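A short write-up of the structure that comes next.
Read-outs: derived from the displayed coordinates by stated rules, not from any lab. In this text the structure is predicted, and so the values were computed from the model without any measurement. Cβ coordinates were reconstructed from backbone atoms using ideal geometry, including for glycine residues, and neighbour counts include every protein chain displayed.
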Amino acid sequence: MRRLNGKVALITGTGGEQGRAAALLFAKEGARVVGCDVNKDAASQTLTMVRDAGGEMVSMAPVDLSIELGASRWVEEGAAAFGGIDVLYNNASAPRFGPLDSMPVEDWHFTMRNELDIVYYVTRAAWPHLVARGSGSIISTASIAAVRGCVAPQSAHGAAKAAVTSLMTSLVIEGAPHKIRANTISPGPIEHPLTQSALADPNHPMSKLVAKIPMGRMGRPQEVAYLALFLASDESSFITGANVVIDGGLTTWV
């Protein structure tokens with residue numbers, strides 16, 4: 001029996017690497033997937049891939065989740081498409097990086113809108129549907145930057161992701177009476193097309209960071225998706241308030 005058979009899963013950012021991997025895997029495991037992205041073409045490619053693989057999915061794009069109306073409209077359309085919500089995977093984010101003393105203040109606000117506000121808006125809109133369902137799983141992507149420093153300056157990103165982790169923890173007590181679970185995934189460096197040029201330079205901060213990973217490599221989007229699958233499934237029915245790090249052991253000694 002497939003692990004998400006019959007469940008409706010809303011996944012944000014399905015045009016990106018990790019969102020696409022999750023959409024494909026969740027659909028393969030029997031979920032009816034609702035996706036969205038700011039990139040219409042990338043979202044459409046994921047939709048085609050899922051359907052070509054025999055999965056069931058609808059997708060909306062472009063969608064700006066950093067605006068309350070955009071988030072609530074997507075959630076309502078998603079819930080209507082398949083008659084409710086069982087899983088919410090807050091995967092999407094868009095940070096900006098820079099030193100504290102020179103990063104423009106607007107970059108701070110941009111990061112908060114696109115890493116924290118989008119989680120709040122989407123979760124708030126989905127909450128009544130999860131309550132009505134009588135159970136549910138909320139999974140939000142944070143980062144190891146939320147719990148440790150980094151070789152690259154990313155104070156806004158770290159602060160936003162720490163707030164995401166705190167938000168999920170705060171929802172444990174509120175969700176428990178409705179059998180709604182809230183957990184966080186904190187990835188370390190994960191493979192992405194944009195990182196390839198950085199890794200080609202041994203002096204780049206990303207290269208130096210990856211070189212310190214005990215497992216000897218970056219993580220893969222599919223590996224994050226499998227962790228999300230476990231947290232979305234009934235196999236993790238007694239897990240709530242957890243922040244699961246997936247970083248190849250990086251935070252254990254660096």
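Just flag the chymotrypsin sites (Phe, Trp or Tyr not before Pro) in the range 190-254 sitting in loop per DSSP whose Cβ has no more than 13 other Cβ atoms within 10 Å. In loop regions of the range 190-254 (DSSP not H, G, I, E or B), the sparsely surrounded chymotrypsin sites (Phe, Trp or Tyr not before Pro) are Phe238, Trp253. Dimensions of the range 92-174 from C-alpha coordinates, computed as largest minus smallest value along each principal axis and given longest first, are 47, 23, 17 Å. What is the distance, in nm, between label points placed 7 Å from the Cα along the Cα-to-Cβ direction at Trp253 and at Met49? Result for the modelled spin labels: 3.4 nm. Sorting the segments 180-187, 209-216 by their mean number of nearby beta carbons within 10 angstrom, highest to lowest, gives 180-187, 209-216. Along the charge dipole of the range 8-246, pointing to its positive end and built from +1/-1 on Cβ of Lys, Arg, Asp and Glu, which listed residue (Val8, Ser155, Ala145) has its Cα farthest out? The residue sitting most towards the positive pole is Ala145. Local charge for Ala156 was computed over the other residues whose Cβ lies under 9 Å away, with Lys and Arg +1 and Asp and Glu -1, and equals -1. Across the range 8-246, Cα-Cα pairs farther apart than 23 Å form 47% of the total. In terms of the mean number of neighbouring beta-carbon atoms within 10 Å, the peptides 19-29, 166-176, 95-105, 34-44 order highest first as 19-29, 34-44, 166-176, 95-105. In this structure, the residue pairs whose Cα-Cα separation is over 25 Å, taken from Lys7/Lys179; Lys7/Lys161; Lys161/Lys208, are Lys7/Lys161. The C-alpha atoms of the chain define a longest principal axis, and helix 17-28 lies at about 30 degrees to it.
Taking the C-alpha atoms only, the angle from helix 40-52 to the longest principal axis of the chain is near 60 degrees.
Roughly what angle does helix 221-232 make with the longest principal axis of the chain, taking Cα atoms, 0 to 90 degrees, to the nearest 10? Orientation of helix 221-232: about 40 degrees from the principal axis. Just checking the listed ones, Ser143, Ser207, Ser66: in the Gaussian network model of the chain with Cα springs under 10 Å, the one fluctuating most is Ser207. A Cβ-based charge dipole, computed about the Cα centre of the range 8-246 with Lys and Arg at +1 and Asp and Glu at -1, lands at about 420 debye. Its DSSP H runs of at least 4 residues, each contributing -39,500 (n - 2.57), put the calculated 222 nm mean residue ellipticity of the chain at -13000 deg cm²/dmol, to the nearest 500.
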